[in-house]
1. List pairs: first residue in segment B:142-161 and hydroxyl-bearing (Ser, Thr, Tyr), second residue in a helix (DSSP H, G or I) anywhere in the structure, Cβ distance under 7 angstrom, at least six positions apart or on different chains.
2. Is one or more of the residues making up segment B:35-47 outside the structural domain of residue B:147 (by TED's automatic domain parsing), surrounded by fewer than 18 Cβ atoms within 10 Å (Cβ to Cβ) and more than 26 Å from residue B:144 (Cβ to Cβ)?
3. Looking only at residues in segment B:138-186 that are more than 9 Å from chain A (Cβ to nearest Cβ) and over 20 Å from residue B:95 (Cβ atoms), which one is modelled with the highest pLDDT?
4. Quick one: in segment A:18-40, of everything that is surrounded by 12 or more Cβ atoms within 10 Å (Cβ to Cβ) and under 21 Å from residue B:150 (Cα atoms), which residue is nearest to the other protein chains (Cβ to nearest Cβ)?
5. In segment B:39-66, which residue that is among the small types (Gly, Ala, Ser) and closer than 15 Å to residue B:151 by Cβ is farthest from the other protein chains (Cβ to nearest Cβ)?
6. Quick one: is residue A:8 assigned to a helix (DSSP H, G or I), modelled with pLDDT of 90 or more, within 58 Å of the chain's Cα centre (by Cα) and more than 11 Å from every other protein chain (Cβ to nearest Cβ)?
Amino acid sequence: MRMHCDAVVDRLAALLDEELAPGEVELVGRHIETCPDCAGLMDRMAAQRFSQPELVVLERPDFWGPMDAALDRAWADHEAPALQAAPAPPPWYRRELRLPAGVALLYAAGMLLALGLAGALWQEASDAHAQVAELQGVVDDQSALASTPLPVEPVSFVSRAPYRGSL
Amino acid sequence: MAAQLKLVAPEAAASWPDEDIKVLAGENPRLAMDMVIRKHRERLFRHAAYITKDQQEAYDIVQEVFIRAMREQRFWDLEFRQKAWLYRVTSNLCFNLVRDRRRRGQILETVPHKEHADADQLRMVFEGEQRAEVLAAIDQMTPDHKEILLLRYYDDLSYAEIAEVLDVALGTVMSRLSRARRRLLDVMDPGAEQA
């Protein structure tokens, strides 16, 4: 496969910087062998020299001192929130309950079931209590009746004349 | 910080792999951050100085970059690319500054201002005229081309690192760099191609 000039030119810097994949190096190389324009451009690029200018200022003693001091302060500010005393935990009745959704649902269902059972038991106990109270009333009534003396009706005697007849 | 820094020679910090520094951060994040600062600050300062042409601005930008690094939640994550992040933030701050200058109507110069060449200002000492010429030519290029040339040939980043810094594909790095170098040839020697 022959590469187009545009594709080769886009890879020339990578070729010179040895950043091109081996397969592409071969393709670009084949193209350059037969293309004087691309070969000329590569030669001109290869002659370019990039070298770092010396920054004299970096040799100054304590050049980084002010930056170290500023970063010191910045680090202290950065750490300050973490170093602050942790706030006292709230009382148990104000603590937030953090449960997974499934566990929370089970918990709620259990609570509802317990409330229902408690209600039913309470109703049953109330009925029993009412029955006991009713029976107690009957017993009390009967006791009261038993202890009440029966009214004594006055006995009237009818005096009769003695029988004088003959049997 | 200064007391802890004495424990780490600058050359030692520069040679520590990022992964080891991240492991150290689990036990002593402050020392780990010091090592990151030691490892990268000089190159970041150069990068910022090339773009801004102002020592104090470059210094302030590098300081701001490290302050942002302290606040970056992901900075110690194992998969987090610290170097790429540092260069990306530095580049963004520098180009924002340059853009603001232009908006204020200030004229960008290809070499530092005369007053900047004073002892207390940035001084770039060139060993030969060609260095000055190349840097001056790079200053005339578009921000995209200027940035990629600086990242590759002055900050010595690999193509993969440049791709991370610029958040582009590796192929884009190759083509953009080739076009930037070709453009640089045209700027430095406009008649050569016709000849």
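1. Listed pairs, sorted by first residue: B:154/B:46; B:154/B:50; B:159/A:14; B:159/B:170; B:159/B:173; B:159/B:174.
2. No, segment B:35-47 contains no residue that is outside the structural domain of residue B:147 (by TED's automatic domain parsing), surrounded by fewer than 18 Cβ atoms within 10 Å (Cβ to Cβ) and more than 26 Å from residue B:144 (Cβ to Cβ).
3. Filtering segment B:138-186 for residues that are more than 9 Å from chain A (Cβ to nearest Cβ) and over 20 Å from residue B:95 (Cβ atoms), the one modelled with the highest pLDDT comes out as B:169.
4. A:19
5. By that ranking, first place goes to B:48.
6. No.
The values are calculated or read from the model by the stated rules, or taken from the named source; none is laboratory data. The structure presented is a predicted model; accordingly, all values stated were derived computationally and were not measured. Every residue, glycine among them, receives a Cβ derived from its backbone with ideal geometry; neighbour counts consider all protein chains shown.
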